[in-house]
1. What ranking do A:80, B:105 get, fewest neighbouring Cβ atoms within 10 angstrom at the top?
2. Taking the Cα centre of each part, how many Å lie between region B:562-594 and region B:482-513?
3. Could you give the nm distance between label points at residue B:9 and residue A:207, where each point is 7 Å from its Cα heading toward the beta carbon?
4. Mind telling me which of A:180, A:264, A:291 comes out most flexible in a GNM of chain A, alpha-carbon contacts under 10 Å?
5. Placing +1 at every Lys and Arg Cβ and -1 at every Asp and Glu Cβ, with all other atoms neutral, what dipole size does region B:4-223 have around its Cα centre, in debye to the nearest 20?
6. Quick check on region A:87-227: what does the Kirkwood estimate of hydrodynamic radius come out to from the alpha carbon pairs, in Å?
7. From the cross-link list A:134/A:218; A:322/B:350; A:15/A:218; A:12/B:471, which pairs have alpha carbons spaced over 31 Å apart?
8. Let me know the shape class of region B:320-407, please: from the alpha-carbon gyration tensor, a ≥ b ≥ c as square roots of the eigenvalues, rounded when a/c is under 1.5, otherwise prolate if a/b is greater than b/c, or oblate.
Amino acid sequence: MAEPVAVKLTQKDFKSDQEVRWCPGCGDYAILAAVQSFMPELKIPRERTVFVSGIGCSSRFPYYMNTYGMHSIHGRAPAIATGLSVSRPDLSVWVVTGDGDALSIGGNHLIHALRRNVNLKILLFNNRIYGLTKGQYSPTSEIGKITKSTPVGSADSPFNPLSLALGAEATFVARTLDSDRKHLQSVLRAAAEHNGSAFVEIYQNCNIFNDGAFETLKDPATRDEYLIRLEHGQPITFGADGQRCVVHPPGGFGLEVRDTASVDPADIVVHDATVSEPAYAFALSRLPGLDLRNTPIGVFRKVDRPSYDELVVSQVETAKAKATGTPEDQLAGLLTTGDTWTIL
Amino acid sequence: MAKQVRQLDRVVIRFAGDSGDGMQLTGDRFTSETAQLGNDISTLPNFPAEIRAPAGTLPGVSSFQVHFADTDILTPGDAPNVLVAMNPAALKANVGDLPRGADIIVNTDEFTKRNLTKVGYAANPLEDGSLDGYSLHPVALTAMTIGALADHDVSKKDAERAKNMFALGLLSWMYSRPYDSTLRFLERKFAARPELVAANIAAFKAGWNFGETTEDFGVRYEVKPAKMSPGTYRNITGNQALSLGLVAAGVRSGLPVFLGAYPITPASDILHELSKHKRFGVTTMQAEDEIAAIGAALGASYGGSLGITTTSGPGVALKGETISLAVALELPLVIIDVQRAGPSTGLPTKTEQADLNMALFGRHGEAPVAVVAPRSPSDCFFAALEAARIALTYRTPVILLSDNYVANGSEPWLLPEVDSLPDLRVEFATEPNGEDGKTFLPYLRDPVTMARPWAIPGTPGLEHRIGGLEKADKTGDISYDPANHDFMVRTRAARIEGIPVPDIEVEDPDGDARTLVLGWGSTYGPIGAACRALRQRGLPIAQAHLRHLSPMPANLGEVLKGYDRVVIPEMNLGQLAHVIRARFLVDAIPYNQVSGLPFTAAKLESMLEEVVKNG
Ligand SMILES: Cc1ncc(C[n+]2csc(CCOP(=O)(O)OP(=O)(O)O)c2C)c(N)n1
Ligand code: SF4
Ligand SMILES: [Mg+2]
């Protein structure tokens, strides 16, 4: 992990000279601004920060960050970032991806990066649509969704990105919203502190092809009823006056939402992101209904496991420490291993 | 009775048996003993795609051929002088390759009615006279091995399994091989089980003594050492040499090496080998697929490592999009394709050269890369260094086209001095390169190499963004300008074309040849052997062999125009011939074989004889 150093940076330092080219009103702007104003807090010099992305509207992100960056190819950012992170443990490597990029074409790389626990901070901008290719349904679009490629409704069931990440052995899983800068930054902070892969789903509005997809979570009239703000160590209650809560019904497999008044306060689940059993975070990830009612945001899971980077680097370092002589001498030794013979 | 000793100048032996019989190991040991003696050697293993095809069947036959001589040789030999057949299937699968008069040593214990029926022998070939034209040596290999180990503390199964050592002992006696290295090898291999060391050594010695005492083997042979340049040698396969070349590239460049790979025959051995050399700063990653493997390698290159990915044809197909990205990013990347017979899974353990088109052209957009091909097992070492040199100096992906024939074949290798290997040191960008002294221009090129600066993350002041979108010249900013795109496409092509590569050399000892044979890659040995044979018979012929397929040597056009006829033998349907015709307007004659097997020198010789004599 990149070590913090004392450098005084501001949001401006993280803005590149490139003109930002998302559609006016796109949720990506809010995320960009939130990330740019958050980065100075990490005290990591710009040159040691790298953003790697795939392809999609969201994946244009690295061009706008005044750090090192690579806009790569569709779906492959986690793989490319893995090679970079493992070979350069001194860097802070961030992956920016979309729902199509991460979960469709790049699904394989995403799950393997997570299971390995590569030291990557993965920001998945989920707008539940293919933005860049102008509005086809994505692996997170609702079943029945009418889009250009599904004129009578999509027949595909969507992925739940958090459930998927948990199934892939992710050690850090969180969700946040493009429009809630404070919450977004609190999640980024937790992700940046995490050793290993941090998977952050960011609900992002595509106002051109899927406008209002998360409106119920943002509209002051509905959001309190729909959103569950997870806080570590706090009982999970929500609603304007905390009138709803989450319980673990005896005998059931998962979690359920109840009226707070109807349950014994001792039965309300106290959120603990460090529970080692992923079933808990998984149950949280299954709470929302099709209409997004009961959507938890915040850090679902944060557990410790050695990162792939550490393990790989330590194997190489251990072997190097045991070796004696210059690399040239060692090479000469290697060439002459096995059965050799000499002709005079 | 003292046995007669006869001198030979060269011998080809083929060990053949069931995949479980340990024939690869037997062949390997015989080769090692032969190397110790100082013969020149060339070997060719041939094994089935299945790990253990049903025992005793034709598809389950595994073989190892070794050619050794008192002069320098170029191929593993066309036809064996000796066949060791451990069962009826091995006999049936191989007897067709033997010239009349060849020695056949068979394990009679396996010639049961059941085993014979399994491979479709109606009568026992050892008895029905069908092998009368050969010198047949029936040996009860299994029974004698078990007998020899009667006093040993090993199971019957372990005793039986030592029969390959009995066979090795017998052959080692027949060809007067020094066997110390084999005894040492057995001690190492079974270090954890001393009873197996003893049993295998006893089986080996029993085989040796059997040769000495039995009447059946009246003659013992000797092949004198070959005249070889002084120095230290080891026997090496192409995949081993290639792996060592990659380690050497890391040492000579001073860069960490990062290998991303997904297992695939016949390339996996490179991953296995490199994973052992971590002390050289080599990191290996077994990725989730070929796309991730090359992606990780490219990510490591971006970070300042020598990024490498190893695979075979199907994997290169998957890597295509990332290779194009690397073309756009202009970063060093070495892609190793150990070719096998396709299309699709094809014949995964057999050889072919049919990925040349893919290497040269198999990507979207105008995406030129450099392509090199080793000509022999030991040359894989130098080809790997050359691929790394081009990648690092010119900041480009380089495809190295090996194939199953060179990858698994072996030959003696005169070990190079480490100091004599090319210096591959590179310089990373550390300072802004703009005229104002402050700006960094990631696509400002070096005037000589046309390479852009390699500015790795972590370098203060050089923060920049790269990507697959077309970049403006110099600044590297996204550019949709038509004229800029045209310029960049031409520049990327010109920078590959402009890579200096050594001139092609022509071998024409008398200088009077009118026919040139042009080859590339692993066909060097058989073509060379065929040319030598023709010249010995007074037929002039010139040979030239391409190591660089992109860019091609600058003198190639001139060389081709200097001959009346150009023949291009390839293990594909004429892929190089196509390029040569298109590029140089030379009416080259393709000669093609796509059987999964290498050319035999004899076949090339008779084809070339036709061309030389009849034009
Ligand atoms: C190999 C390949 N296939 C298809 C495309 C076309 N393509 C570009 S972006 C995209 C979908 C992007 O959707 P998402 O990841 O959700 O990103 P968004 O634009 O919504 O941010 C597709 C299909 C491509 N660039 N490359
Ligand atoms: S198409 Fe949608 S996601 Fe893409 S930039 Fe426009 S609003 Fe944003
Ligand atoms: Mg999307």
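1. If I rank by nearby Cβ atoms, fewest first, I get B:105, A:80.
2. Using only Cα atoms to place each centre, the spacing works out to 18 Å.
3. Each label point lies 7 Å from its Cα, and together they span 8.7 nm.
4. A:264
5. It works out to roughly 520 debye.
6. Mean inverse Cα-Cα distance, inverted, gives 15.8 Å.
7. Numbers: A:134/A:218 24 Å; A:322/B:350 40 Å; A:15/A:218 27 Å; A:12/B:471 25 Å.
Going by Cα-Cα distance, A:322/B:350 fall outside the 31 Å limit.
8. Oblate shape, in that a/c is at least 1.5 and b/c is the bigger or equal ratio.
Each value in this text was obtained by applying a stated rule to the coordinates, not by laboratory testing. Please read these numbers as outputs of a predicted model, since none were measured by experiment. Positions of Cβ are backbone-derived with ideal geometry, glycine not excepted, and every protein chain shown enters the neighbour counts.
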